[in-house]
Amino acid sequence: SLLSASLLGIDFASPLMNASGVCCRYNEELDAMLASDAGSLITKSCTLLPREGNPEPRYTATALGSINSMGLPNEGYEYYLDYAVKHDYAKKPLFMSVAGLSLEDNMAMLTAIREAKLPAIVELNLSCPNVPGKPQIAYDFEAMESMLEAASRVWAQPFGVKMPPYFDIAHFDEAAAILNRHPLVKFITCINSIGNALVIDIERESVVIKPKDGFGGIGGDYVLPTALANVNAFFRRCPDKQVIGCGGVKSGAEVFMHLLAGASLVQVGTALQEEGCGIFARLNAELAEILQRKGYRSLEEVRGKLRTL
Ligand SMILES: O=C(O)c1[nH]c(=O)[nH]c(=O)c1Cl
């Protein structure tokens with residue numbers, strides 16, 4: 001149908017899904033995603049052991065988006081593996097986001113997930129900010145190379161990566177070159193939040209989240225142009241891979257922008273957090289209206305068709 005999409009040869013009724021971290025920590029949230037009009041769903045980035053995460057308030061919405069320093073609160077990978085074992089893949093595809101605190105933890109989780117022999121799609125989170133003291137892997141190109149080499153060896157089947165935003169053409173070039181050296185990396189999700197921003201409330205003359213003196217990753221309107229640039233930069237540089245767009249989606253228009261930039265699927269974070277799962281019916285309808293108005297009959301006809309001047 002008009003909104004059909006595919007990734008790794010798997011079919012999706014809609015290109016829309018949640019961004020990992022939103023509406024996906026607990027079974028009830030995942031079931032709400034399953035019942036929604038999203039084409040697929042992804043679990044909260046998981047660690048080997050359950051984590052409470054950072055002290056609250058750790059998420060705040062603003063007029064232009066959101067800021068968070070959650071600190072990887074999750075139920076531990078076995079909780080999400082249980083969900084993946086029970087999931088009905090004929091209903092809609094399921095992604096698992098993995099964000100171990102070390103290469104060893106990631107290998108242990110990937111080994112356990114691999115041994116479960118499930119059709120779940122793995123998105124390896126290379127950009128989990130907000131864990132104080134831990135460097136962001138994707139900003140350390142040697143660490144990223146090592147992680148991808150180990151994950152390719154242990155997982156030994158197609159997977160994807162969740163990337164932070166880059167802001168320098170030389171960094172797009174180097175990150176893409178590393179990803180292109182790992183053929184099992186079949187999709188790239190751009191972007192994670194823009195890290196270590198600071199939101200100030202002038203009434204209280206204060207920061208708005210407790211962890212890290214108020215420093216946190218931002219999402220929403222703040223990040224849309226950066227998200228589109230990262231989607232398009234990796235779409236141009238990685239012809240043998242697919243790109244999932246994430247960042248700044250709140251209406252059909254931004255979904256359409258991500259598709260033009262090269263996205264195969266599109267994730268929704270801040271706007272989903274604020275509006276709830278009903279957003280997917282709205283976004284599907286708004287996207288369909290744009291496609292019909294412009295005479296498109298499939299997402300393929302739009303993907304990557306961004307014109308330059
Ligand atoms: O603080 C978090 O849990 C978090 N927050 C984000 O904005 N992105 C991530 O990948 C993670 Cl893991």
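The values are calculated or read from the model by the stated rules, or taken from the named source; none is laboratory data. Since the model is a prediction, treat every value here as computed from it, not as a measurement. Quick reminder, even Gly has a Cβ in these numbers, built from the backbone with ideal geometry, and neighbours come from all protein chains shown. The accessibility values were calculated without ligands, DNA or RNA, using every heavy atom of the protein model including side chains. Shrake-Rupley method; radii C 1.70, N 1.55, O 1.52, S 1.80 Å.
Computed quantities for the displayed model
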read-out	value
Residue that is surrounded by the most Cβ atoms within 10 Å (Cβ to Cβ) [pool: residues in segment 80-114 that are more than 16 Å from the ligand (Cβ to nearest atom) and within 23 Å of A138 (Cβ to Cβ)]	L110
When residues of segment 119-136 are limited to those that are polar (S, T, N, Q) and at pLDDT below 95, the one nearest to the ligand (Cβ to nearest atom)	N130
Scope segment 48-79; condition part of a loop (DSSP other than H, G, I, E, B) and crowded, with 23+ Cβ neighbours inside 10 Å; matching residues	S69, M70
Check on N27, touching a Lys or Arg at 6+ places or on another chain (Cβ under 6 Å) and at pLDDT 95 or above	no
K241 vs. criteria within 27 Å of N54 (Cα to Cα), of a type in the set (D, E, K, R) and at pLDDT 95 or above	no
Unique match (being modelled with pLDDT under 95, of a type in the set (G, A, S) and either over 18 Å from the mean Cα position of the chain (by Cα) or open to solvent by less than 20 Å² (accessible area, probe 1.4 Å) (or both)) among S40, S14, S1	S1
Segment 81-102 - residue that is outside any loop (DSSP other than H, G, I, E, B) and in contact with a Ser or Thr (Cβ under 6 Å, 6 or more places away or on another chain) and, of those, nearest to S146 (Cα to Cα)	S97
Selected residue (criterion: nearest to the ligand (Cβ to nearest atom)) from residues of segment 20-47 that are among the aliphatic types (A, V, I, L, M) and assigned to a loop (DSSP other than H, G, I, E, B)	V22
Candidate set: segment 251-299, residues that are farther than 16 Å from L224 by Cβ and in contact with an Asp or Glu (Cβ under 7 Å, 6 or more places away or on another chain); chosen: the one surrounded by the fewest Cβ atoms within 10 Å (Cβ to Cβ)	A281
Residue satisfying condition, being closer than 22 Å to L34 by Cβ and at pLDDT 95 or above, within set Q273, Q292	Q273
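Every residue, every condition in (1) small (G, A, S); (2) under 24 Å from N18 (Cα atoms), yes or no:
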site	(1), (2)
K186	no, yes
S193	yes, yes
R204	no, no
V207	no, no
K212	no, no
D221	no, yes
F234	no, yes
R237	no, no
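So that you can scan it fast, the table gives a plain yes or no per residue for (1) closer than 28 Å to P57 by Cα; (2) hydrophobic (A, V, I, L, M, F, W, C):
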| site | (1), (2) |
| --- | --- |
| M96 | yes, yes |
| S102 | yes, no |
| M109 | no, yes |
| I121 | no, yes |
| L124 | yes, yes |
